[in-house]
Every structure is written in structure tokens, then in C-alpha cells.
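Have a look at the structure below, then the notes.
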Amino acid sequence: MSPGTAALLADAVLLVHVCVAIFVVAGWVLIVVGSLAHWQLASNLAFRLGHLAAIAVVVAESWFGVVCPLTTLEMSLRVQAGLGKYSGGFIEYWLSRVLFYEAPPWVFVIAYTVFGVLVAASWWYFPPKAMQSRRGAVS
């Protein structure tokens, strides 16, 4: 693969990674705000399962010290392109680049875990449609 192609693919992986991060954060905001405003998407089971799966993967990776496969792929492509790779994880690196914020890895583990708990709590407080009917039948 040519260095130009590898660099282009690395940027594409970065874009996908950014979109996943936006989905995780903005998705939770949409769930809370949308549930309060009675928007259908906020209670859509497929959307909610995808969102829960995404944050579950992030939390599990942080607990077990696993580097995200998207980060690994992006860094590998950057090396192939002759651009070198960055140290740390995706969020840590880009937060330090964009916001000039650095913290030890345990801070991110706690942040991901707290956010994961918030997502799990939203399942209880704002259950998806398929669960609402079951929950109403049980009560």
C-alpha cells in the first residue's frame, strides 16, 4: 500500500472513531432529552442497543487495559504512511491535542465507567419502547 493511501485510510479510520465517540456522548444526551420530549428515536430499541453496546465496549476496554482496535488500526496505517504513531489511547491523545488536557489513564477509566453507569441508568429511567410495554405489564 502506498504511503498516501495509508495516510488517507488512517484519516478515514480517525473520522469513523470520532463519529463513534460523538455517537456515544451525543447519543446519551439524545436519549435523556428525547425521552423527556417524547421523541420516538430516544426510545427506539435498536438505537438504544447500539448505544449501550458502544459504551459497554469502551468501558470494557478501559477496565482491561485494551487499546481500541480503531486506535490500533489508525496507528498502524500512520506508521505505514511514514507519519509515526501517537502514544496513549484515542480519547487521551485527541483530548490533549484539542483541549490541551492530560490525565493519567485511571482518570479515563473512571470517566468511562461513570458514563457507562449513566447510560445503564437511562435504561431504567427511560426504557426503550420494547421494554416499556413489559415494564408496564409487570407493575
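The values are calculated or read from the model by the stated rules, or taken from the named source; none is laboratory data. Owing to the predicted nature of the structure, the values given are computational and were not obtained by experimental measurement. Note: ideal-geometry Cβ built from the backbone for every residue, glycine included; neighbour counts use all protein chains shown. These area figures cover heavy atoms from the full protein model, side chains too; ligands, DNA and RNA do not enter into them. Shrake-Rupley method; radii C 1.70, N 1.55, O 1.52, S 1.80 Å.
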*Tabulate in residue order the Karplus-calculated ³J(HN,Hα) for the range 30-47, using 6.51 cos²θ - 1.76 cosθ + 1.60 with θ = phi - 60°, rounded to whole Hz; enter x for Gly and Pro.*
4, 4, 5, 5, x, 5, 5, 8, 6, 7, 4, 4, 5, 10, 5, 4, 5, 4
_Efficiency of FRET from Cβ geometry, residue 83 and residue 29, R₀ 22 Å, rounded to 0.05_ = 0.10
*Report in % the part of the accessible area of the range 1-79 that belongs to carbon and sulfur, leaving out ligands and nucleic acids; probe 1.4 Å.*
81
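Please sort 9-21, 69-81 by packing, taking for each peptide the average over its residues of neighbouring beta carbons within 10 angstrom, highest first.
Averaged packing, sorted descending, gives the order 69-81, 9-21.
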*Per residue value of the accessible surface for the range 12-71 (all protein chains in place, 1.4 Å probe), Å²*: 55
